[in-house]
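Worksheet for the structure shown next.
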Amino acid sequence: MFFKKKLLSPIKDSQPKNQDPIPETREKMSSEFKARLQNSADILENEIGSSGITIFSIGTLIDKTMFHQDIIDPIKDLSFNSIQTVMEHLSVGEIEKSNQMEMVVKSALDGNVIIYLEGETSVLLAKIPSRVGRSLTFAENESHVIGPQIAFNESLMTNISLIRNYIKDSDLCVEDFVIGSRTNKSGAILYMSGIASEQMVNTLRQRIDEIKIDGILDSSVLMQLIEDKSLSIFPLMSLTERPDKVCDLLLKGKLAVLFDGSSLAIICPHTFMEFFYAMEDSNVNWQIGTFYRLLRLIALFFSVFLTATYVACITFHYEVIPQTLLLTLSESRARVPFPPIIEALLLEFFLELLREAGARLPTKVGQTMGIVGGIVIGTAAVDAGFTSNILIIIIALAALGSFVTPSYSMGNVIRVLRFPLIILAGFWGLYGIMYGFCFLLLHLLRQSSLGSPYLSPFYPPRFADWKDSIIRLPLSFTYKRPDLTRTGNENKYDPKKAKEKNDLK
Amino acid sequence: MKKEGWFCISLSILLLCGCAEPKILDKLGLNTTVGYDLGKNGYILGTAVELKIDPNTSKDVVIVESQSLTIRGILTNANKTTSRRLTSGQLRVIIYGEDLLTQGKTKIAQTLTSDPIISDLTYLAMTDGKARDLLNLQVEHIPDIGLHIFRFMEQNTKAKTMPSSTMQEVLHAHFTVGREPVMPIISKNGRKGVLFSGVAIFKGAKLVGKINTEQSFYLGLINDKYKSGSKDILIKSDSPKLKEGNERSHKTVAALDSIQSRKNIKLINKDKPEFNMDIKLSARLLEITSPIDIGNPQNMKLIETEIEKSMKKNIEKLIAYCQSKNSDVFGLGETYRSSVRHSNLTDEKWYKMYKNAKVNVKVDFSVIRTGLNE
Amino acid sequence: MKVQYQPKSPFLLSTFLIIFIIHANQVGIGIHGFQRVIFLEAKQDAWISVLIAGFATHIVVFVMIKTLQLYGSTDIYGIQHEVYGKWLGKVFSSLYILYCLWVFLIILKNYIEVLQTWVFPTVPVWLFSFSILLLVIYGVTGGIRMIVGVGFFSIILSLWMFGFIGYPLRFADYDHLLPVMESNFVSILKGAHKMSLTTVGFEILYVIYPYMEKKDKVQKYAQIGIAATTMLYLILMLVALIYFSPGQLESTIWPTLSLFKIVRLPFIERTEYVAVTFWLLIILPNLMLYMWAAVRGIRRTFGLKTIRVLLVFTTCIFVMSLFINTRLKINRFNDIFASVAFYFIFCYPFVLYAFALLKQKIKAYKEKKK
């Protein structure tokens, strides 16, 4: 706990500076403005002809075209005696008036230009931020075959507009917040009012408000700060880059947090099982969707327990090996010089190295890595009697199993979990595996996501929600919103009306 | 939150302190088959087929021998001669030499069950002669005699040619009042391999008799339920249609296949034990050596009754043989116990009655189809 | 100390979970070997003994819940305080706490014995007991909701074992069951009496009752839970009777586990190894519920801090577990426990109910007089 407190304690003195008025002369204003921004090289100061107007701005933050077209052009040939008249000539959408220096500097950092008329006590702030960023692209990290292909990008406004385009409802609430005493980044909490639970919204709002930190650069960091418990290895909230997924979950009564500068949305509350759902499950037939989900669940078990079981059986319980496998297993083991636990750990480590190297290298080189690792080293290791070839199959299967998990963060957890389990299996055999399993079960039961149980809908048992958990029943069965979100509005739609089909006869 | 930390720290300390004793597969010598013979001075001579995978040698199997007064002692003594620790966790077949079983009074199988490492599905078998000789059989096409015997027994048990004699079944019969165990006899087939040569009949743990493989089929009919299986039945008939046989041989033999059977044994007289034994079976008739028209329903009837007769005779012979050896392998005593209230049956009581027990055998056979031709 | 105890609403449990709580707490270590113990008394009619014991359990549970309902929302500690007064109440509550710890030790010891016999003959006791106690501490500090969750999962996740029941049935000899009612009634009753070590577990109701959401439905669901357990025991008893011959059953210490020896799967040769280790998940809720009940009792009667009491208790159990180290000692320990448990679990609830009724009558009478 001490760690979090220290991290969150205010670093910068946040007391408001004395309420400075706007200086009266242009020179004073200029030096004051520059002084406050540490005489940065990108400060612009434009005197507009004879109109007596000076425009201050940070050149790197404003849109140059707009600056010339919408601000300088309309006023360059005129002369003014009051700031109010200047306002009338400008064709910029967002214009504010201010008479405080503090506010002026802040808005300059937000992409405003400051229009200053000598002698006036207030200035105009016109917002013309430059749009730095990339355009919308495919969802590459969570790609689906069936379903929308678009992903969030780093701009908060774009992201919100994407969601607004999916859910055209007046009940969609967007609450904004600013975080970071130095980065001053803005973000937004999104939820459907009337569907999402009030209490959860309050909890989330409070958790975000309580964060005192100098800077957050990505929503993944924000997520770590608002999670229920920060020491668990499991992700207690979910990150996604898919706007359709966010909308789907919003409609189920969950909350989403978008953060400026991050292309990932945080979704909460989120259960353990939901990490194994993909949007595609609901886009395909229910039978196929169920198959996918079962497949992923089996893959999860394989991935976590298979290598450990191999180690346990070879080290302690040779009795459980079937007669048909016995010869193959002992033949492949016969040349290996290490005990099974070392053998397994080595190979797992090797596989993790390959994965990490593939992820860090540029895509083209990464592919070569896979070939080098998989074929060359793999075959060589077996030929040299370094590992047994059955273990290679098992580890490859386990690795595949961890990659089918739709959530990247959960996939990471699954991969890491293997190591303690292998060690337990290597020391205590099947008892060790069972011990690890019991600990994981206890641990998962203790977790909560935004106050709701992590293992829902299995425990506490909410049998109605089982229809859309390991299996996915047809849409006509799953008309209710999950209990998990403690929603105020239970039914997604009227089940009876949804079943009716008034075909033309 | 702190709890996880404490938990992990304690667990790692625990792991550092204590580790179970490893039994790594490739460091062990796995006994797949063992044979027990009677040695000198009451010693038991053990022969074990050890599976030993070594990449440097071409042979995977080593035969280990040792002797001791106890069964467990054999393994301990055998360890003195091997480079890998011998274990019985993968034991599949146990073969007893005939001399050990004729002596009786061995508690070999019971001793084995109290060791959790030995599976209840281990096959037990007897060999006429020495188990040691059987396991030392060197045949080119059998690289691993242990595995060969296991596969051989598994195949034959599944096909119901051989009575199933897993440890559980043998002990089950052994511990039931009024039922005795049987074991298949496996013998050397010259220098060619192994052969199922008969069934050993016990009383308690003592070998009292043997029946041949022909009769073993009828034993199966009484004790078991056939769901599939095949059998050649010799028909000795007075009917002219079936008398001939063919040019090759003058015996009439019917080949049956897909045999399905059900039995029902009922006690009808308490005081002088008398049982009704109804055996119903149906089969596919694939071949008959007589030139008889099997498309004719009357002929079919004839064949059926003749087969019934032949079977009945064989079954009666088998029962008479077992009665003469005073061994109740059919579980008649168990039937007696379960149908007579407060009988307090013990083996002693039962064997006084068993010798004179009367069994009325009735066989009901029907041909269900005759393959593709009629 | 207050007699009434009403937990806050987030800690309440759905009432139907009592099925899982009772079932999970009953099924534990006794199930490994009860067939033999009862068979020794009642022979092939042992299954009747199981039915009788099950029936008796239904009645006892009925009385237990009646007692609890007299007070609205309270546990045994509150009732004893109310019925026996301040000091005597404390004595009785301490006895109950001791009982819980005793059951805990019995379960732990027996499971370690099974592990050592079947899988790890050379691993020392302290390693097992230390590691299991560590899990228990971690679990109990998570609170009652989580403990019940473990019970729930332990039942759901061990359902696969039921699928194996077909394997022993292939070797079944139904004649073993005949003739029915061969043993006399006294030995059947004696057999039922021997079931007490196996059926204990439902007494957790006494402690968990206040945590149930709808108190009026507890009776129904508790009875369902008991019925489920009785069914399970009955099935296992019958399977053991027809699978083993009488002589075998008399000498098999853990018939239920031995039943697994016949199961051979294409990928697992010996299922009993998996079953024995999997049993950890089945006894875990037992251990945690009893430990929780004991700790809860200390908190209710003496008002001490939970964590410290928990650590003291587990240390005591750990030390105790080292001293009971041979099969003979464990057997003696089990036998003493079985006889005590019979009186404590099957007879005491009636006494408590009578006293509680009496006390209420007196109270009502006094109030009337006033």
For the peptides C:322-328, B:220-226, what is the packing order when you average, over each peptide's residues, the other Cβ atoms within 10 Å and list the highest mean first? B:220-226, C:322-328
Rounded to two decimals, what ratio of Rg to Rh does the stretch C:256-345 give with C-alpha atoms and a Kirkwood Rh? 1.10
What is the dipole size for chain C, taken about its Cα centre, with +1 at each Lys and Arg Cβ and -1 at each Asp and Glu Cβ, in debye to the nearest 20? 1860 debye
Give the Kirkwood hydrodynamic radius (Å, one decimal) of chain A, defined as one over the mean of 1/r across all pairs of different Cα atoms. 27.1 Å
Expected output is a single nm value to one decimal: the length gained when fully extending between A:Asn184 and A:Thr379, i.e. 0.36 nm times separation in residues minus the C-alpha distance. What is it? 64.9 nm
For B:Leu137, distant residues with modelled amide H under 5 Å away: none
10 Å Cβ neighbours from other chains, averaged over peptide B:87-97: 2
Under 18 Å by backbone N from the virtual spin label 7 Å along Cα-to-Cβ at B:Asp99, the residues of the stretch B:34-51 are B:35-48
Report, please, the projected area of the stretch A:72-186 averaged over directions, based on the convex hull of its C-alpha atoms, in nm². 10.7 nm²
Between the stretch A:73-133 and the stretch C:113-177, what's the alpha-carbon centroid distance in Å? 74 Å
Viscosity 1.002 mPa s, temperature 20 °C: give me the Stokes-Einstein translational D for the stretch B:214-374 in µm²/s, with Rh taken as the Kirkwood radius over C-alpha pairs. 125 µm²/s
Average projected area of the Cα convex hull of chain C, in nm²? 19.6 nm²
Taking the C-alpha atoms of the stretch B:24-211, how large are the radius of gyration and the largest Cα-Cα span, Dmax, in Å? 15.7, 54
Out of A:Gln367, A:Gly429, A:Leu450, whose Cα points farthest toward the positive end of the dipole of the stretch A:284-452 (charges: +1 Lys, Arg; -1 Asp, Glu; placed on Cβ)? A:Leu450
Hey, how much of the P(r) for the stretch A:252-334 falls beyond 22 Å, as a percent of Cα pairs? 56 percent
Between B:Asp293 and B:Lys270, Cβ-based FRET efficiency (R0 51 Å, step 0.05) works out to 0.55
Across the residues of A:337-350, average count of Cβ atoms on other protein chains within 10 Å? 1
Return, ordered by residue number, the residues of the stretch B:271-288 whose backbone nitrogen is under 13 Å from a label point located 7 Å along Cα→Cβ of B:Arg369. B:283-286
Tell me which lysines have Cα within less than 17 Å of B:Lys203's Cα, excluding those fewer than 8 residues away on the same chain? B:Lys105, B:Lys107, B:Lys325, B:Lys349, B:Lys352, B:Lys355
Once you list every other residue whose beta carbon is under 13 Å from the beta carbon of C:Ser196, what net charge do they have if Lys and Arg are +1 and Asp and Glu are -1? -1
Fully extended, how many nm does the chain gain between A:Phe477 and A:Gln38 (0.36 nm per residue separation, minus their Cα-Cα distance)? 151.8 nm
Computed from the beta carbon distance with a Förster radius of 56 Å, FRET efficiency for A:Tyr408 and C:Glu367 to the nearest 0.05 stands at 0.25
Simple label model, 7 Å out from Cα along Cβ direction - C:Gln6 to A:Ile146, nm: 5.2 nm
Dimensionless Rg ratio for the stretch C:118-171, taking C-alpha atoms and the 2.2 N^0.38 Å reference: 1.62
For the stretch A:60-187, with only Lys/Arg (+1) and Asp/Glu (-1) charged at the beta-carbon, what is the dipole magnitude about the Cα centre, in debye rounded to 20? 280 debye
Taking r as the C-beta separation of C:Asp216 and C:Phe55 and R0 as 25 Å, the FRET efficiency to the nearest 0.05 is 0.60
Tell me the Rg and the Dmax, in Å, that the Cα atoms of the stretch B:332-374 produce. 18.7, 55
Roughly speaking, what is the stretch gain from A:Glu47 to A:Gln100, that is 0.36 nm per residue apart minus the C-alpha to C-alpha distance, in nm to one decimal? 17.0 nm
Set the bar at 22 Å for Cα to Cα. Now go through B:Lys158/B:Lys263; A:Lys168/A:Lys496; B:Lys158/C:Lys261 and name every pair that lies beyond it. A:Lys168/A:Lys496
Isotropically averaged projected area of the protein assembly as shown, using the convex hull of Cα atoms (one quarter of hull area), nm²: 70.8 nm²
Can you give the translational diffusion coefficient of the stretch B:1-120 in µm²/s, computed by Stokes-Einstein from the Kirkwood radius over Cα pairs at 37 °C and 0.692 mPa s? 196 µm²/s
Normalised per residue, the volume of the convex hull around the Cα set of the stretch A:284-452 (Å³): 153 Å³
Report ³J(HN,Hα) in whole Hz for each residue of the stretch A:408-416, in order, from the Karplus equation J = 6.51 cos²θ - 1.76 cosθ + 1.60 where θ = phi - 60°; Gly and Pro get x. 5, 5, 5, x, 4, 4, 4, 5, 6
Straight-distance crosslink candidates among aspartates and glutamates, where the alpha carbon sits under 17 Å from B:Lys59 and sequence neighbours closer than 8 are dropped: A:Glu331, B:Asp26, B:Glu50, B:Glu140, B:Asp144
Placing each pseudo-label 7 Å from Cα in the direction of the beta carbon, B:Ser12 and A:Lys364 end up separated by a distance in nanometres of 4.3 nm
For C:Lys215, the aspartates and glutamates lying under 14 Å Cα to Cα, once residues fewer than eight places off in the same chain are dropped, come out as C:Asp75
Mind putting together the pair-distance distribution for chain B? All Cα pairs, 20 Å bins, whole percent per bin, short to long. 25, 45, 24, 5, 1
Given charges at beta-carbon only (K, R positive; D, E negative), |dipole| of the protein assembly as shown in Debye: 5420 debye
For B:340-353, what's the mean count of beta carbons from other chains sitting within 10 Å of each residue's beta carbon? 1
Distance between the stretch A:225-276 and the stretch A:22-66 - C-alpha centres, whole angstrom: 42 Å
Two-decimal Rg/Rh of the stretch A:156-270 from alpha-carbon positions, Kirkwood Rh? 0.93
Size of the stretch A:11-127 as Cα extents on the principal axes (Å, biggest first): 46, 28, 24
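Read the figures in this text as sums done on the coordinates, not as results from a lab. Note that the coordinates shown come from a computational prediction; the quantities given were computed from them, not determined experimentally. As a convention, Cβ positions derive from the backbone with ideal geometry for all residues, glycine included, and neighbour counts pool all protein chains shown.
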